[in-house]
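Beneath this line is the structure, given in structure tokens, with notes to follow.
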Amino acid sequence: MDWRDYIVSDKDVLLGKPTIKGTRLAVSFILERLADGWTEQQLFESYPRLTKEALQAVFAFVNECLRDGMITLTAAKAA
């Protein structure tokens, strides 16, 4: 699967945030819903234009960002 078939960035849509192609659903929005405990089924019911392949592309995109060092953790500051 090539996430580039499903994830795009357009400066005129959500200020260039990565989104699901053909929607205004940001990758970060999808991840927030999942982090809040939403199920895949809840996502699909709430956002009918979201497909199983597009959701898989979200994970592939984030995985590549992590692997390539585009997303990193910073050490917590000592109290």
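Just so it is clear, none of the values below were taken in a lab; they were calculated from the coordinates. None of the values given here were measured: they were computed from a predicted structure. Neighbour counts run over all protein chains shown; Cβ positions are idealised from the backbone, glycine included.
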(request) Would you confirm whether any residue within the range 66-73 is surrounded by 12 or more Cβ atoms within 10 Å (Cβ to Cβ) and of a type outside the set (Asp, Glu)? (result) yes
(message) Name the single residue that is nearest to Phe59 (Cα to Cα) among those in the range 10-23 being part of a loop (DSSP other than H, G, I, E, B) and under 10 Å from the mean Cα position of the chain (by Cα).
(response) Pro18
(request) Find all pairs meeting these conditions: Cβ atoms under 6 angstrom apart; at least six residues apart or on different chains; first residue within the range 1-16 and surrounded by fewer than 13 Cβ atoms within 10 Å (Cβ to Cβ); second residue of a type in the set (Ser, Thr, Tyr). (result) Gly16/Ser9
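Quick one: how many residues across the range 24-71 are among the aromatic types (Phe, Trp, Tyr) and outside any helix (DSSP H, G or I)?
Total satisfying the criteria: 2.
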